[in-house]
Amino acid sequence: MKVAVVGATGMVGEVMLQVLAERNFPITELIPVASEKSVGKEIEFKGKKYSVVGLETAVSMKPEIALFSAGGETSLAWAPKFAKAGTTVIDNSSAWRMHADKKLIVPEINASELTKEDKIIANPNCSTIQMVLALAPLHKKYNIKRIIVSTYQSITGTGVKAVQQLENEYAGTKGEMAYKYQIHRNAIPQCDVFEDNGYTKEEMKLVRETQKILSDKTIAVTATAVRVPIVGGHSEAVNVEFSTDFDVNDVRKILHETPGIVVQDNTDTFTYPMPLYAHGKDDVFVGRIRRDESQPNTLNMWIVADNLRKGAATNTIQIAEYLVANGLV
Ligand code: 2RA
């Protein structure tokens, strides 16, 4: 299968190549795609060298699948061109996620919605993926009324410039700023830009994407997204109110039996999820599972995942695997 990776030289693109190789995705020809300034650059994939090509060339090569992580503008401009040429696009940007005719997919939850006609498929935001993967099975059993989520997001979600800023600040040197403020020894309560309602785009993604993926606009969601100076993954403190009561041990059992979820939850042994542990792994880790004693039918939990893997590259490739396994490409 001919597979294009659009944004191959970026942080998520590089993880996509790593995961494609790790999972032995059936690639007969890799087409690494990047901006004009990177055209001609060589990248190595499974022991073979490939030259980076531009978007126009990549479309003309008619890949069966194009995995995009190149920003919303590039996706809006080029995903339709690939689709018109017969390529199925799986896009990591937010460009297509809320389009009524585009599917927003976490394979363990709603891959069955996909058909051959879906030529542009949206990969949800990283902080949404890890939260809905844990909440979907609980919604099915107990019906979610409301979610309150606070996120503690890795700087890798912003990209290389942010990682460089932290390294510079740690070393005490000056450099380009990815954020308005110092991130070293700090926590910035702003991920992405502010919308008119005082929430950031990142916070509203958690609201809108959760309702779309769980196909339930009655679920009330409110979020606070915070950037913290770590690299291993995103952490989330989630408070969820159900329509009915629940048994905490039953919740643990449901989560334990959910593909892609690993329950790390034992206060006697100080076992709980941490980004340091989640880094480089594909699972979503859930712990600190406990009843909210301040309100009936309400649960607290702590959810951690590597935002570059299950939060982006791995989820994208799992969608591609589903398409191949079900003859949809
Ligand atoms: C972030 N989820 O963490 C966004 C985009 N990757 O900044």
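The values are calculated or read from the model by the stated rules, or taken from the named source; none is laboratory data. The structure presented is a predicted model; accordingly, all values stated were derived computationally and were not measured. When we count neighbours, we look across all protein chains shown, and the Cβ atoms used for this are built from the backbone with ideal geometry, even at glycine. Only protein heavy atoms, including side chains, enter the accessible area calculation; ligands, DNA and RNA are left aside. Shrake-Rupley method; radii C 1.70, N 1.55, O 1.52, S 1.80 Å.
Before moving on, here are some points about what is shown:
- C-alpha long axis of helix 72-84 to longest principal axis of the chain, angle in °: 60 degrees
- Treating r as the C-beta distance of ALA325 and LYS174 and R0 as 41 Å, the FRET efficiency rounds to 0.25.
- Helix 126-142 and the long axis of the chain differ in direction by around 50°, with both axes built from C-alpha atoms.
- Cα long-axis angle, helix 314-325 against the chain (0 to 90 degrees, to the nearest 10): 70 degrees
- Across the chain, C-alpha contacts under 8 Å between residues 6 or more apart give a mean separation that, scaled by the residue count, equals a relative contact order of 18 percent.
- Cβ-Cβ distance of GLN164 and ALA77, R₀ of 41 Å, FRET efficiency by 1/(1 + (r/R0)^6): the value works out to about 0.90.
- The relative contact order of the stretch 122-233, computed from alpha carbon pairs under 8 Å that lie at least 6 residues apart in sequence, is 40 percent.
- At a probe radius of 1.4 angstrom, the accessible area of the stretch 127-307 per residue rounds to 49 square angstrom.
- Applying the criteria of a DSSP loop state and at most 11 other Cβ atoms within 10 Å to the GluC sites (Glu not before Pro) of the stretch 216-324 yields GLU257, GLU293.
- Burial order of peptide ranges 295-303, 1-9 (average beta-carbon count within 10 Å, highest first): 1-9, 295-303
- Mean Cα-pair separation over length for the stretch 127-307, i.e. relative contact order, pairs under 8 Å, 6 or more apart, %: 29 percent
- Carbon plus sulfur fraction of accessible area for the chain, probe 1.4 Å, in percent: 52 percent
- Sorting 152-159, 272-279, 119-126, 260-267 by their mean Cβ neighbour count within 10 Å, with the most densely packed peptide first, gives 119-126, 152-159, 272-279, 260-267.
- ARG288 contributes an accessible area of around 100 Å² to the protein surface, as traced by a 1.4 Å probe with all chains present.
- For the chain, the dipole from Cβ point charges (+1 on Lys and Arg, -1 on Asp and Glu) about the Cα centre works out to 440 debye, to the nearest 20.
- With bins 10 Å wide beginning at 0, the percent of Cα pairs of the stretch 127-307 falling in each bin runs 10, 36, 34, 16, 4, 0.
- Rounded to 0.05, the FRET efficiency of the ALA85 and LYS48 pair, given R0 = 25 Å and the Cβ-Cβ distance, is 0.55.
- Of all beta bridges that DSSP places with both ends in the chain, some 50 percent have antiparallel geometry.
- Cα Rg over Rh - the chain, Kirkwood: 0.97
- Label point of LYS140 set 7 angstrom out along Cα-Cβ; within the stretch 242-268, amide nitrogens under 19 Å from it belong to 242-263.
- Sorting 65-72, 161-168 by their mean Cβ neighbour count within 10 Å, with the most densely packed peptide first, gives 65-72, 161-168.
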